[in-house]
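One structure is given here, and the rest of the page talks about it.
The values are calculated or read from the model by the stated rules, or taken from the named source; none is laboratory data. Predicted model only: the values in this text are computed from it and were never measured. Using ideal geometry, Cβ is built from the backbone for each residue, glycine included, and neighbour counts are taken over all protein chains shown.
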Ligand code: ADP
């Protein structure tokens, strides 16, 4: 920056003095230095007795501070907050034309002017940007010299440019910081995605390994168990001679417990097969009335023992179904076995109907049994869940039947629903699309 002292010194400024000041401003990019040069120029070349230049400081554009002054002592630490809109100096900022204020006090922070005071706004306020500053000039004459006006306009234009440039620099810095943050966040996201992808693969592998293990285990358990059941049966049938009653009772226990174990193993095997996607669909066209008769025949010994009135009201005109016959049968056997197990008196009814609009067959099994509390109606569809899970529960079973039914129905694009009230009975309904979609 050129030195302030280098400015020419006559009281009425020559065109050279104006030129020198303009050049000095051009080479100056600090508001405080510009203000100091302006105050010095006014004191040298005009009749100014007191001068004060207020403008934003570097750090806070919402305040004006005295950047330079002459003949105005005691302004150290003075800060003019722009939100104080009723402060006379803030009001003066809004005036587009210079105004004269008679001698005496003008603003509380300023010393009273001896010969009156001119306020000149340095540039205009624009939306979102405060005006670049305010110039206060006190001189003996009530006439404002054109040199003061010239300087105020000139200084205002220069300060406006400086502050805009500074804003631009700040904006650029903020924008590159934002870009850097977005880049960092994107990289972090990509890392997390990769991590998730790897975890998903690991989970898939672990789940496949689990299913494989269970399938193998079930197979390994089933083979010796079938042998145990086979030999027990042979002994019960008296292959080695009629067993004495005590031995027969023990053999019967081995037989019933073995069958229970086989049931559990078979059900676990079913679930693991479904979960591992190794339970293929065998779709065919078949008729429900025949299938329901088959289910009733299979459970006939239990039906007879139960002494319940078990009936099937099946519409002979139901359309044929295109689905997996074996899986539909497995669901119905399960629902009917449960109805028989949890009903002590009354009846069990199997009903069918067809909903033309949705091409869905409804097969319901209604019993007058113990019913299910609404609080348990969700959990019984989960693996190993029974209303009574205690070791002393009166009903046998594994708690896997309904969870298998739910999975099988889903494989056939259908579902199983329940309506039940404690002590009044239950209705389980299988909703089956007439045509299952091939996976
Ligand atoms: P399991 O019958 O082997 O216990 P399920 O998954 O078939 O397993 O059934 C889960 C539970 O749902 C049963 O233990 C029983 O508490 C309840 N439940 C199922 N069917 C009926 C029914 N028809 N009436 C009353 N409770 C039932």
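For the reader, a short list of remarks on this structure follows.
- Some residue of the range 344-365 being more than 20 Å from residue 288 (Cα to Cα) and surrounded by 18 or more Cβ atoms within 10 Å (Cβ to Cβ): no
Here's the yes/no breakdown for (1) closer than 19 Å to residue 143 by Cα; (2) surrounded by fewer than 17 Cβ atoms within 10 Å (Cβ to Cβ); (3) without any contact (Cβ under 8 Å) to a residue 60 or more places away in the chain; (4) out of contact with any strand residue (DSSP E or B) (no Cβ under 6 Å at 6 or more places or on another chain):
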| residue | (1), (2), (3), (4) |
| --- | --- |
| 71 | no, yes, no, no |
| 75 | no, yes, yes, no |
| 79 | no, yes, yes, no |
| 83 | no, yes, yes, yes |
| 90 | no, no, yes, yes |
| 93 | no, no, yes, no |
| 96 | yes, yes, yes, yes |
| 100 | yes, yes, yes, no |
| 105 | no, yes, yes, yes |
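- When the test is whether a residue is within 30 Å of residue 13 (Cβ to Cβ), in contact with a strand residue (DSSP E or B) (Cβ under 6 Å, 6 or more places away or on another chain) and in contact (Cβ under 8 Å) with a residue 12 or more places away in the chain, residue 162 does not pass it.
- Within the range 383-430, the set of residues being at pLDDT below 85, near the ligand (Cβ under 7 Å from one of its atoms) and on the phi > 0 side of the Ramachandran plot comprises just one member, 397.
- Some residue of the range 265-281 being exposed (fewer than 14 other Cβ atoms within 10 Å of the Cβ) and without any contact (Cβ under 8 Å) to a residue 60 or more places away in the chain: yes
- For the range 162-179, the criterion of being surrounded by 14 or more Cβ atoms within 10 Å (Cβ to Cβ), touching a helix residue (DSSP H, G or I) at 6+ places or on another chain (Cβ under 7 Å) and assigned to a strand (DSSP E or B) is met by no residue.
- The residue list 410, 417 contains one member that is part of a strand (DSSP E or B) and free of Cβ contacts under 8 Å to residues at least 24 places away in the same chain, which is 417.
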